[in-house]
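Chemist: Take this structure first; my questions come after.
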Amino acid sequence: MTGRRLVVTRTLTPAAMAAVEQLGVDAVVLGDGPPTREALVEAVPGAAAIVSVLTERIDGEVLAAAGPSLRIVANVAAGVDNVDLEAAAARGVVVTNTPDVLDEATADLAFALILATTRRIVESDRFIRGGDPWIWGPNDWIGLQLSAGATLGIVGLGRIGMAVARRAHAFGARIVATGSRASSEEAAALGVTRVELDELFSTADVVSLHCPLTPGTRGMVDAERLRSMRRGSYLINTGRGPLVDEEALADALDSGQLAGAGLDVHEHEPRVNERLRASERVVLLPHIGSAGAATRDAMGLLAVRNVEAVLAGGRPITPVA
């Protein structure tokens, strides 16, 4: 593959970067931080492959700048909302993602957020660190107990959603979910009940978002939908930030409609909504759902394997339909 150019938009883990070196291509790595738009467009002309991450927008402008040599965009993420799939298809460019390898790590993080939010763990930690005097009391720091028959609503019972369902089942929660897999045998074995989206929001004690970001799902959790939720319920988002109207979420928290929220992703990421930042009842994380060491290695390695397969004239391992 010598002579072919590969543009890597962000430095990946050491294991993944070692795999890039072993490809035998002319690799250009744009740095540890997000490249400027200008740097990205200037780097891609003549590239045969681009390994991108979710912070880089790979749209028609970038694809046109790369030119006819471009064969593949290997996105290091399960989602591909940062890639213009139609523009790539029009140019005959293969787009791949990294599904499966991040399911368990993301589900771990989602469930950690559910517990941290409903049991007020982070809020309690902040209280202790504040140094105020305290003594145990029977009515203090009361939270929602999943094992006492609480209902978890999973929006989008795909690979990650199913992994969350397995954890919730072990905790004894009642589970309702949307999506075709909610009617599968696997879901039935976990006690999952398939419901429509409106019913899920109106009946769940905790709603956890695991659907992809598309034009149809952008802003799906708006003021009206938040009003439909049970008073005192919780919202968890480890999917994509723009699924949620965060101003509406802040209003729902201020009014007491929602008891809390846990967000690993943000509507205007990396900017964080200041009203949510100020709320004691919101747990905020910097998009760390896939940040297990083994998972981040696996994601980068899968992207490199996709590049290797396509540049060798074969089929990609995880093409995006």
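Chemist: Pick out the one residue from L157, L144, L213, L209 that is over 17 Å from the mean Cα position of the chain (by Cα) and surrounded by 18 or more Cβ atoms within 10 Å (Cβ to Cβ).
Modeler: Values: L157 fails: over 17 Å from the mean Cα position of the chain (by Cα); L213 fails: over 17 Å from the mean Cα position of the chain (by Cα); L209 fails: over 17 Å from the mean Cα position of the chain (by Cα).
From the options L157, L144, L213, L209, the qualifying one is L144.
Chemist: So, of the residues in the range 138-194 that are basic (K, R) and touching a strand residue (DSSP E or B) at 6+ places or on another chain (Cβ under 8 Å), which turns out to be farthest from N97 (Cα to Cα)?
Modeler: Filtering the range 138-194 for residues basic (K, R) gives 159, 166-167, 174, 181, 194.
Checking the rest, the ones that are also touching a strand residue (DSSP E or B) at 6+ places or on another chain (Cβ under 8 Å) come to 174, 194.
Numbers: R174: 32, R194: 28 Å.
That would be R174.
Chemist: Give me the helices (runs of 4 or more DSSP H) completely within the range 225-319, filtered to those with at least 1 residues that are in contact (Cβ under 8 Å) with a residue 60 or more places away in the chain and surrounded by 15 or more Cβ atoms within 10 Å (Cβ to Cβ), ordered by residue number.
Modeler: Details: elements: 246-255, 274-278, 293-311.
Output list reads 293-311.
Chemist: Next up: Does V176 qualify as being modelled with pLDDT of 95 or more, within 20 Å of D264 (Cβ to Cβ) and either surrounded by 15 or more Cβ atoms within 10 Å (Cβ to Cβ) or assigned by TED's automatic domain parsing to the domain that holds G260 (or both)?
Modeler: Numbers: modelled with pLDDT of 95 or more: yes; within 20 Å of D264 (Cβ to Cβ): no; either surrounded by 15 or more Cβ atoms within 10 Å (Cβ to Cβ) or assigned by TED's automatic domain parsing to the domain that holds G260 (or both): yes.
Answer is no for this residue.
Chemist: If the requirement is being out of contact with any Gly (no Cβ under 8 Å at 6 or more places or on another chain), at pLDDT 95 or above, closer than 28 Å to A291 by Cα and not hydrophobic (A, V, I, L, M, F, W, C), which of these qualifies: P68, P14?
Modeler: Values: P68 fails: closer than 28 Å to A291 by Cα.
None of the other options fit; the residue is P14.
Every residue, every condition in (1) in the same structural domain as L243 (by TED's automatic domain parsing); (2) surrounded by 19 or more Cβ atoms within 10 Å (Cβ to Cβ); (3) basic (K, R); (4) at pLDDT 95 or above, yes or no:
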| position | (1), (2), (3), (4) |
| --- | --- |
| E56 | no, yes, no, yes |
| E61 | no, no, no, yes |
| A74 | no, yes, no, yes |
| V83 | no, yes, no, yes |
| A88 | no, yes, no, yes |
| V93 | no, yes, no, yes |
| T96 | no, yes, no, yes |
| A107 | yes, yes, no, yes |
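The values are calculated or read from the model by the stated rules, or taken from the named source; none is laboratory data. Quick caveat, the model's predicted, so the values are computed rather than measured. Please note: Cβ atoms are built from the backbone with ideal geometry, for glycine as well, and neighbour counts cover all protein chains shown.
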